[in-house]
Structures are given as structure tokens and as C-alpha cells.
């Protein structure tokens with residue numbers, strides 16, 4: 001009998017921000033309606049893109065000076081601060097509300113995922129740790145960039161934040177996605193600095209992340225592929241994420 005805890009793993013090529021966000025929402029919706037299996041998705045961004053938190057004001061993005069202010073922008077389903085997605089790995093977890101990984105509450109998912117990130121980066125020679133304390137930032141307040149905010153689950157390399165996550169919860173599913181900064185070319189996101197080059201060894205992070213998450217969570221993680229229904233659902237959402245009504249909504 002197939003293990004109901006099992007996660008399908010999707011390794012996507014680098015994609016534009018609209019496609020990435022449409023795919024995450026499509027997965028959350030279809031997983032919640034039992035049309036797709038619980039899924040761990042790993043992806044990157046091309047071109048570099050700023051994602052706004054759900055509650056952030058678009059005017060704050062408009063006030064950014066170059067070069068960050070000239071980058072494409074997309075609005076996320078999740079709250080929190082803006083992220084400049086460049087030399088990084090993003091993960092997303094789409095789980096139905098009854099999944100065993102949510103048995104201890106959705107917040108436990110932050111701990112599991114971030115412990116996996118710490119283990120994966122340790123295996124690649126980066127000594128990281130949880131932040132342990134939180135500032136007064138919230139979904140709708142705090143510095144513009146997420147990596148200038150601090151939450152107890154955030155991951156630090158020295159004093160620099162290099163990974164953080166956010167969730168969207170519905171009646172049927174939980175979407176959690178997070179950014180793992182591997183190098184930094186934009187001083188406007190200063191606290192995401194990593195003191196090592198973005199070299200070929202960084203390409204080992206996705207597989208290290210999957211192995212660490214499987215071990216820490218005790219959940220089997222198996223490679224999979226996109227279904228035609230998922231591609232269709234994501235394509236239908238592309239217009240939403242490309243629209244000014246969504247992007248400028250706050």
C-alpha cells in the first residue's frame with residue numbers, strides 16, 4: 001500500500017516570477033482538492049525578481065531606486081516582506097490539511113523545513129542556525145525586505161539572515177514556501193549576504209535539501225513530474241499574477 005505521508009518532489013528549472021507563483025497556487029489548490037499528491041517543489045527565478053508579500057504596498061516597491069527598482073515584480077499569496085529572488089533556491093510545500101506533517105499544527109512545518117535547510121547547508125560547508133528571537137515585524141508591517149526582518153524560525157549565517165519562510169492556509173490545504181539565499185549581488189537586500197561565491201557546488205543544495213527533509217520529517221520523498229491538469233491550472237492562473245489588479249492590490 002502506498003505511504004500516505006509520501007511527498008512528490010518536483011525539481012523545476014529557473015522560471016519567471018509569474019510562472020513560479022502561479023505554479024505554487026495551482027499546487028496548493030489541487031493538493032487541497034485531492035487531485036494532486038502532497039508535494040515538495042524546488043525552483044529558482046529567471047530573471048531576478050522581487051516578490052511582494054500579500055499585504056505590502058505596491059508604492060513601496062515603486063520607491064525603490066535602481067538596480068532593485070528596475071527588476072520585475074510579482075505579488076505572493078503569502079504575507080511578510082519583499083524578497084529579491086536572485087542567487088537562491090526557493091522551496092514550496094503543498095499539503096492537504098489532514099497530512100501527518102500538520103498533525104502538530106502548521107507552525108511545526110516551519111521548524112521541520114528550516115531544520116532541513118540547516119542540515120543541507122551544513123553538509124555543504126555552511127554553518128547556520130535558527131535565529132531564536134523575533135522582532136515586531138508582522139504580515140503587514142516591518143522593513144520592506146524580508147531579509148531585514150527577524151523571526152525565531154529564520155536561519156542565520158553569522159548575523160546574516162539567509163533563509164525564511166511564509167505560509168498560506170486555506171480550509172483544505174497549507175502552502176509553505178521559503179527562500180534560501182546562496183549568494184548576493186544586490187546591496188539593497190543587505191542582510192542576505194553570503195560570504196562565498198555562487199559556484200557549481202551550490203547546485204547540490206536541492207538534492208541535499210530533499211535528503212535532509214526526508215530524514216528529519218520521517219516522510220518519504222520521491223521524484224515526480226507535473227500532470228497535464230496541474231500545468232493547465234497553473235497556466236490559468238498566469239493571467240492573475242500578470243495583472244495590475246493583483247500586483248497593485250495594496
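The values are calculated or read from the model by the stated rules, or taken from the named source; none is laboratory data. These figures come from a predicted structure and were not determined experimentally. We place every Cβ from the backbone using ideal geometry, glycine too, and count neighbours over all the protein chains shown.
Points to keep in mind about this one:
- Qualifying residue in the stretch 87-97 (condition: surrounded by fewer than 23 Cβ atoms within 10 Å (Cβ to Cβ), in contact (Cβ under 8 Å) with a residue 24 or more places away in the chain and more than 25 Å from residue 39 (Cα to Cα)): no
- In the stretch 41-54, residue surrounded by the fewest Cβ atoms within 10 Å (Cβ to Cβ) [restricted to those that are in contact with a helix residue (DSSP H, G or I) (Cβ under 7 Å, 6 or more places away or on another chain) and under 22 Å from residue 223 (Cβ atoms)]: 42
- Check on residue 187, out of contact with any helix residue (DSSP H, G or I) (no Cβ under 6 Å at 6 or more places or on another chain), surrounded by fewer than 17 Cβ atoms within 10 Å (Cβ to Cβ), more than 21 Å from residue 16 (Cα to Cα) and free of Cβ contacts under 8 Å to residues at least 24 places away in the same chain: yes
- For the stretch 185-206, the criterion of being within 17 Å of the chain's Cα centre (by Cα) and modelled with pLDDT of 95 or more is met by no residue.
- Answer residue from the stretch 132-184, given it is surrounded by fewer than 17 Cβ atoms within 10 Å (Cβ to Cβ) and in a strand (DSSP E or B) and is nearest to the chain's Cα centre (by Cα) among those: 169
- Filtered residues of the stretch 207-240 (kept if touching a helix residue (DSSP H, G or I) at 6+ places or on another chain (Cβ under 8 Å), assigned to a helix (DSSP H, G or I) and either farther than 18 Å from residue 21 by Cβ or modelled with pLDDT under 95 (or both)): 208, 209, 211, 212, 213, 215, 216, 217, 229
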